[in-house]
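> Pasting a structure below so you can have a look.
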Amino acid sequence: MKESGFMIEKTTETPEVQATPNEELAGEHPSIIRFRGCKHLDYGDNFTNCTKENFSGILVAWMRHDIRNLEAPKVVQFCKLRGRLNQLAACIGKCNAQCALYDEVEHAIEYEK
């Protein structure tokens with residue numbers, strides 16, 4: 001096929017697109033997200049009235065349910081050393097470190113959809 005002086009080739013090949021680590025994991029485990037944060041962040045299943053939530057595919061935090069004090073934070077992180085951290089991004093990156101013991105690792109967390 002020739003059009004305005006240029007040769008146009010028809011192809012059935014699909015261009016190769018590299019997936020991000022989260023997209024690669026999503027193919028096998030649709031409810032796993034990877035992000036960097038302190039190794040002391042706690043994503044175990046030992047918190048009552050809380051669910052792990054995916055925040056825009058960037059990080060996982062805890063959503064607290066049945067909060068009696070309406071002024072208490074609803075979205076938090078939990079630390080194995082300090083307990084509840086009252087911020088969504090607490091200890092996600094060195095700039096959000098809550099103490100001097102911050103030690104960054106990569107988390108691969110399963111969360112409820």
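> So which trypsin sites (Lys or Arg not before Pro) in the stretch 65-101 end up in coil per DSSP with only 15 or fewer other C-beta atoms within 10 Å?
Details: sites: Arg68, Lys74, Lys80, Arg82, Arg84, Lys94; in loops: Arg68, Lys74, Lys80, Arg82.
Within the stretch 65-101, the qualifying trypsin sites (Lys or Arg not before Pro) (loop, at most 15 other Cβ atoms within 10 Å) are Arg68, Lys74, Lys80, Arg82.
> Between Ala100 and Asn86, what is the spin-label point distance in nm, taking each point 7 Å from the Cα along the Cα→C-beta axis?
2.4
Any read-out appearing in this document is the output of simple, stated calculations on the displayed coordinates, not a laboratory observation. Not measured: the values here are computed from a predicted model. Quick reminder, even Gly has a Cβ in these numbers, built from the backbone with ideal geometry, and neighbours come from all protein chains shown.
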